[in-house]
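Novice: Here's a structure for you.
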């Protein structure tokens with residue numbers, strides 16, 4: 001049985017669930033998503049199925065990093081990942097604070113356009129993260145070339161900081177403090 005770690009009714013959208021991503025059970029779905037051209041900023045478009053599986057099995061083996069399958073009314077809609085910045089290469093590039101929690105968000109291709117979907121999903125996962133009193137600030141580091149993501153994060157209230165040269169990208173560091181969450 002897969003562990004659902006968070007469930008929330010999104011008005012006008014449906015029941016949102018965060019379920020622990022099973023790197024074997026969900027591999028075909030995840031591989032299809034992350035190797036599409038639209039997923040270029042996820043960094044796996046040229047990966048083989050086996051490489052994608054190895055990455056998610058590795059994430060699954062860590063205590064500091066977690067991957068979840070997002071679904072609405074049992075329909076998969078994306079991947080949500082969390083990590084402790086102090087236990088991630090990102091932590092070498094900025095002064096990590098106690099209470100920082102890093103995230104990655106991948107929204108799957110939409111089967112149908114739902115107005116307000118992204119904001120509702122963001123409210124669901126920020127509610128999940130800030131439901132843990134240890135989490136004081138959400139950290140993101142999207143690729144600076146990913147203009148749609150940058151606009152989305154800014155709209156969602158993230159405060160942009162410096163740009164960083166990471167191993168695989170130039171990243172825009174940004175934060176959402178618990179006190180600023182909507």
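Each value in this text was obtained by applying a stated rule to the coordinates, not by laboratory testing. Note that the coordinates shown come from a computational prediction; the quantities given were computed from them, not determined experimentally. Reconstructed Cβ throughout: ideal geometry from the backbone, glycine too, with neighbour counts over all protein chains shown.
Novice: Where the centre of each part is set by its Cα atoms, how far does region 35-82 sit from region 87-141, in angstrom?
Specialist: 15
Novice: Turning to a different aspect of this structure: Could you check the spin-label model distance between residue 180 and residue 112? Points 7 Å from the Cα along Cα→Cβ, value in nm.
Specialist: 3.5
Novice: Do you know the relative contact order of region 4-130, to the nearest whole percent, from alpha carbon pairs under 8 angstrom that are 6+ apart?
Specialist: 23
Novice: Of the listed peptides 118-131, 61-74, what is their order by residue-averaged count of other C-beta atoms within 10 Å, with the highest listed first?
Specialist: 118-131, 61-74
Novice: Among DSSP beta bridges whose residues both lie in the chain, state the antiparallel percentage, nearest 5.
Specialist: 90
Novice: Here is a further query. Give the Kirkwood hydrodynamic radius (Å, one decimal) of the chain, defined as one over the mean of 1/r across all pairs of different Cα atoms.
Specialist: Working: mean 1/r = 0.0593 Å⁻¹.
It works out to 16.9 Å.
Novice: Right, here's the next one. Given the rule -39500 (n - 2.57) for each run of at least 4 DSSP H residues, summed and divided by the residues of the chain, what is its mean residue ellipticity at 222 nm, to the nearest 500 deg cm²/dmol?
Specialist: Theoretical 222 nm ellipticity from helices: -7500 deg cm²/dmol.
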